[in-house]
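Trainee: Below is the structure I would like to discuss, written out as structure tokens.
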Amino acid sequence: MALLAFGINHQTAPVSIRERVAFGPDSMQSALQDLTERTSVDEAAILSTCNRTEVYCGIDAANSNVVLDWLQEFHRLDSGSLEPYVYRHPDQLAVRHMLRVASGLDSLVLGEPQILGQMKDAYQQASTAGTIGKTLSKLFQHTFSVAKQIRTDTAIGHSPVSVAFAAVSLAKQIFGDLSPLTVLLIGAGETIELAARHLNESGIGRMIIANRTAERAHALASQFDGYAIALSEMPSHLAEADIIISSTASSLPILGKGSVESALKQRKHKPMFMVDIAVPRDIEPEVDELDDVYLYSVDDLQEIIQENLQSRQDAATQAEEIIDTQVEHFMGWLRSLDSISTIRDFRDHAEALRDETVMRALQRIRNGDNPEVVLEELARLLTNKLTHLPSTRMRQASFEGRRDVLDIVRELYNLGEEP
């Protein structure tokens with residue numbers, strides 16, 4: 001089966017494009033089933049994060065437009081609208097790409113750890129949807145193993161340079177001391193939890209956590225002496241927030257220009273700092289038009305992130321060397337699948353000769369022949385049957401000057417070099 005990694009990411013497409021092809025958790029399984037049922041794709045998994053949407057599938061690279069057409073149709077986009085932003089990695093390049101993604105080498109934040117968990121979620125979603133087969137399953141398991149090896153054997157994850165860390169660092173640059181300030185965190189996923197941890201360590205004065213599921217908000221708030229609210233309560237608390245960091249899976253903005261404008265009036269235009277990490281965006285872009293609001297998207301954090309990357313560069317070089325080796329290991333396994341039918345036929349042929357010879361020997365013993373003589377005859381006859389055709393073919397190959405056939409035989413049977 002031919003492999004293909006197809007998609008867009010933060011390097012090839014702006015957030016305005018990425019948010020249009022993002023898949024929410026609720027639509028993922030139906031999307032996978034639609035892809036495999038309505039196209040020539042054999043196996044498929046979809047990874048969709050704030051920085052990328054990628055389809056890993058079994059299909060020939062020459063047919064990659066099938067995936068492009070499906071992606072545009074599924075998200076109701078104009079034909080050809082995604083073409084300038086997509087990349088296609090076939091076979092060995094697909095394996096390399098997946099290993100690099102899972103290891104954090106292709107992330108906005110070099111070496112960030114969240115992507116591995118997101119990759120595992122993508123695998124689980126595809127498994128539940130029934131769109132994962134033997135090849136992709138093996139590739140995902142290999143990917144997880146390599147990513148773990150890289151985190152264990154290199155310093156790729158030692159410096160805190162996640163998107164959440166970058167957001168908190170930017171807040172500290174703008175405000176300096178965070179102790180008098182109130183932060184409103186919208187969402188309760190991994191990114192928000194990481195942001196809460198960094199804010200707590202940075203001495204934030206007060207923390208409010210708003211989430212669609214109140215239980216999750218309370219669970220997270222309790223870890224950091226925060227205050228949990230439902231999303232529906234957010235308008236009445238918005239004016240309290242000096243810092244707002246949002247990362248939800250909502251398909252539509254949950255914070256609009258009008259709400260922020262009202263909050264600013266209550267604050268007497270005291271500045272508000274906002275970071276929208278979500279894709280699709282949680283905060284309407286028009287909010288940035290308001291005075292006294294400083295709104296940043298995930299794309300705006302790139303410059304902040306670069307400051308803490310130096311210690312990871314050497315580790316990334318080590319990681320690439322590990323990946324080089326591991327790509328070859330997987331491709332070797334993939335190539336070995338080609339031998340399965342030949343090995344099966346070879347064994348079936350040998351076993352048929354064995355069964356025929358053994359049956360004849362047993363019959364002779366039943367007829368009263370000496371068992372010792374019969375066994376010796378069985379061994380001689382079986383040896384002749386197993387070696388007759390190969391010997392004939394080797395003599396013919398030698399006659400035709402096909403030295404490579406003889407070399408292969410010596411390698412197969414570990415005969416050593418010819419004397």
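The values are calculated or read from the model by the stated rules, or taken from the named source; none is laboratory data. Worth saying up front: this structure is predicted, and the values here are computed from it rather than measured. Positions of Cβ are generated from backbone atoms using ideal geometry, with glycine treated the same way; all protein chains shown enter the neighbour counts.
Trainee: Between a residue in the stretch 25-38 that is touching a residue at least 24 places away in the same chain (Cβ under 8 Å) and any residue that is of a type in the set (Gly, Ala, Ser), which pairs come within a Cβ distance under 7 Å, given they are 6 or more apart or on different chains?
Mentor: PRO25/ALA249; GLN29/ALA129; LEU32/ALA44; LEU32/ALA126; LEU32/ALA129; GLN33/ALA129; LEU35/ALA44; THR36/ALA44
Trainee: Taking ALA45 as meeting all but one of (1) crowded, with 23+ Cβ neighbours inside 10 Å; (2) over 29 Å from TRP333 (Cβ atoms), write down the number of the exception.
Mentor: Here ALA45 meets the rest and fails (2).
Trainee: Need pairs with beta-carbon distance below 6 Å; first residue modelled with pLDDT of 95 or more and within the stretch 136-164, second surrounded by fewer than 24 Cβ atoms within 10 Å (Cβ to Cβ) and among the polar types (S, T, N, Q); sequence gap 6+ or separate chains.
Mentor: VAL146/GLN326
Trainee: Is it fair to say LEU32 is surrounded by 15 or more Cβ atoms within 10 Å (Cβ to Cβ), over 21 Å from ALA164 (Cα atoms) and out of contact with any Cys (no Cβ under 8 Å at 6 or more places or on another chain)?
Mentor: yes
Trainee: While we're on this one: Does any residue of the stretch 182-195 turn out to be outside any helix (DSSP H, G or I), out of contact with any strand residue (DSSP E or B) (no Cβ under 8 Å at 6 or more places or on another chain) and either touching a residue at least 40 places away in the same chain (Cβ under 8 Å) or assigned by TED's automatic domain parsing to the domain that holds ALA316 (or both)?
Mentor: yes
Trainee: Okay, moving on. With a cut-off of at least 2 residues that are at pLDDT 90 or above, name the helices (runs of 4 or more DSSP H) lying wholly within the stretch 324-419.
Mentor: 340-366, 371-399
Trainee: Which of the residues belonging to the stretch 228-258 are in a loop (DSSP other than H, G, I, E, B) and not hydroxyl-bearing (Ser, Thr, Tyr)?
Mentor: Answer for the stretch 228-258, where residues must be in a loop (DSSP other than H, G, I, E, B) and not hydroxyl-bearing (Ser, Thr, Tyr): ALA241, ASP242, ALA249, LEU252, PRO253, ILE254, GLY256.
Trainee: Take the conditions among the polar types (S, T, N, Q) and without any contact (Cβ under 8 Å) to a residue 40 or more places away in the chain and apply them to SER262. Does it pass?
Mentor: Answer is yes for this residue.
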